[in-house]
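Nothing in this text is a laboratory measurement; each read-out follows from the coordinates by a stated rule. Keep in mind that this is a model prediction, so the values were computed, not measured. Neighbour counts are summed over all protein chains in view; Cβ atoms, including those assigned to glycine, are modelled from backbone coordinates with ideal geometry.
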């Protein structure tokens, strides 16, 4: 059977093609679907195994990154019958995976899908303006939490991926929430200093000032991942800025997508 992936687009998303390509390279069968096709009932989330919210600038970020779209997904109905939010929860009950990249990560936290667990549906964390006060476009070194339950990051240790965002600083509601995320191993990815290999808040290794160097979090099940870096933008070894000098042969970003595809094949199909 095919691993079917729904790639959302519309309202300012602009990374849907690269994301679909990355899933295709990983062995899945992605379909780029406009939000309106879901709102109208033309497409059902329950027909897919993986949902992906790519990067972009939803609604131009005019009300805050992903703010307006988060309200759409929480409070609009499909054909005036079932709330989209209810279909998302049903999708999760069926064992599906959800990935949010950059603007998609912002959407997941503002919608309340992350951090999930006992907080599912609640906004307990957010992403705000970079400490640098400017849009950051650079490559970053990342450490994968070896104890993370995240299926997207299985058997991965470190990653080198590009970031491009103006609002990527992770902000928990309070210190208690941050401590809970640490204790439950939901901090999945952290920016690291490449010289020490340790998580850092030092700029520019940490491009936005996130506490604990947080670059991505997962829910307690490990089936939802939100991250600010763009794995889909490292879909071929020549994407690496020093691929000739360092003789790069692997596109690390594809590994994230392959893990998701392999998990679906093992647990759903």
(message) Cβ neighbours within 10 Å, averaged per peptide: list 89-101, 214-226 in order, most packed at the top.
(response) 214-226, 89-101
(request) Find the percent of Cα-Cα distances in the chain that exceed 29 Å, and round it to a whole number. (result) 24
(request) Report the calculated FRET efficiency for residue 81 and residue 14 (r = Cβ-Cβ distance, R0 = 25 Å), to the nearest 0.05. (result) 0.20
(message) As a test of understanding, state the convex hull volume per residue of the range 177-269 from its alpha carbons, in Å³.
(response) 124
(message) With an 8 Å Cα cut-off and a minimum separation of 6 or more residues, compute the relative contact order for the chain in percent.
(response) 19
(request) Sticking with the crude label model, points 7 Å out along Cα→Cβ, report the distance from residue 42 to residue 221 in nm, one decimal please. (result) 2.8
(request) Evaluate E = 1/(1 + (r/R0)^6) for residue 198 and residue 135, where r is the Cβ-Cβ distance and R0 equals 25 Å; express this FRET efficiency to the nearest 0.05. (result) 0.40
(request) Calculate the translational D of the range 70-154 in whole µm² s⁻¹ from Stokes-Einstein, where the hydrodynamic radius comes from the Kirkwood formula applied to all Cα pairs, the temperature is 25 °C and the viscosity 0.890 mPa s. (result) 163
(request) Please report the base-10 log of the normalised intensity I(q)/I(0) for the range 1-78, using a Debye sum with one equal scatterer per alpha carbon and no solvent, at each q in 0.19 (1/Å). (result) -0.81
(request) Over the alpha-carbon set of the range 1-149, work out the extent along each principal axis and list the three values in angstrom, largest first. (result) 44, 34, 31
(request) Using 0.36 nm per residue of separation minus the Cα-Cα distance, give me the extension gain between residue 118 and residue 173 in nm, one decimal. (result) 18.3 nm
(request) Between residue 147 and residue 63, with labels modelled 7 Å along Cα→Cβ, what's the label distance in nm to one decimal, could you check? (result) 3.9
(request) For residue 238 and residue 34, calculate 0.36 nm times their separation in residues minus their Cα-Cα distance, and state this gained length in nm to one decimal. (result) 70.4 nm
